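Derivation of every value follows stated rules applied to the coordinates shown; laboratory data play no part. Bear in mind that the values here come from a model prediction, so they are computed numbers and not experimental data. Glycine also receives a Cβ, built like all others from the backbone with ideal geometry; neighbour counts cover every protein chain displayed.
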């Protein structure tokens, strides 16, 4: 069989990039002679994560849909045209485009349509984003992490969310002995097994709002022996680490982090929810107050399973946190090991859908 070229589009945040990387890895494991190329923008996190994973990245102009009438709205058609033109130069050489949502995907979908390249779309969020809604007009090969009640994604293949290899391997290991796996993770961080540990994740870019709340809680929490790991975000001011509090710009070993934490405070992006569902003890989710509400919906399965609590950002105050930390840690201690493993086979399901799309459409004309 001839060598195929697969273009994967999805940039901006780790929530779009990590699933794409997992699928690319799965595809090459099945088809080692093929080529996987990533499409992104010059500003997104893909510029770090994609090359680190050993893949080539092609960049196109970033286009953001204006939310109100302004000069940006008048300039949008020309910016979008330039972005589509750049995407066409990449996509026209491809045998398949796989989109995961984000700024880059609207241009990529339209480019693939114009170049008559088959399209596969995966939607990670419980509420479909506008770029994937657009792309669904051009293909029937759709996959979702959660069932969608109406629209074109209503009959999409339910795959779950593709998990990174390190997460998958940690899930398999921890299922053998959950307590041993957690104790090993705590020991690797140098944490005491007798004291609770809290991890704060503000998303791939960090969260200035969450950082301010945590800053006011560090002293009283560490005075009680609570161990804290805080992912601040590379672009945010870095607090001073001291005692049982450690601040870092970004956490790379997420599998170990999820296992070690007794409580995880995080945004409820789709990938974060899936990873915590597989490896986390208890999560307190603070959804982003902007967007289309998908972060509130993403966490519903974990909330129903009793492994997560969701609250609005405006209600998450230092006073609330210090008043409720004890009950949260007690709840965490009482929980059994995780049992949500539906995402372990997501990458292989999407790879099968990709094979079906290629075989169904044949050679592009």
On a 0 to 90° scale, report how tilted helix 71-91 is relative to the longest principal axis of the chain, with both axes built from alpha carbons and the result rounded to the nearest 10. 70
Please say if segment 135-240 is rounded, prolate or oblate, where rounded means a/c under 1.5 for a ≥ b ≥ c the square roots of the C-alpha gyration tensor eigenvalues, and otherwise the choice is prolate for a/b larger than b/c and oblate otherwise? oblate
Considering Cα pairs under 8 angstrom that are at least six residues apart, work out the relative contact order of the chain and quote it in whole percent. 16
Inter-site label distance for residue 194 and residue 223 at 7 Å from Cα along Cβ, in nm: 2.2
Degrees, to the nearest 10: 178-188 long Cα axis against longest axis of the chain: 80
Specify the residue with the greatest mean-square fluctuation among 309, 17, 200, computed from a Gaussian network of the chain linking alpha-carbon atoms under 10 Å apart. 309
Divide by every residue of the chain the summed helix terms, -39500 (n - 2.57) for each DSSP H run of at least 4, and state the resulting mean residue ellipticity at 222 nm, rounded to the nearest 500 deg cm²/dmol. -13000 deg cm²/dmol
For log10 I(q)/I(0) by the Debye sum over Cα atoms at q = 0.11, 0.13 Å⁻¹, several values are listed as [x] -0.86, -1.02; [y] -0.99, -1.21; [z] -0.76, -1.03; flag the one computed from this structure. [z]
Full extension from residue 242 to residue 42: what is 0.36 nm times the residue separation minus their Cα-Cα distance, to one decimal in nm? 68.4 nm
Please check: in the Gaussian network model of the chain (C-alpha springs, under 10 Å), which one of 346, 283, 185 has the largest mean-square fluctuation. 185
Rounded tilt (10° steps) of 165-176 against the dominant C-alpha axis of the chain: 50
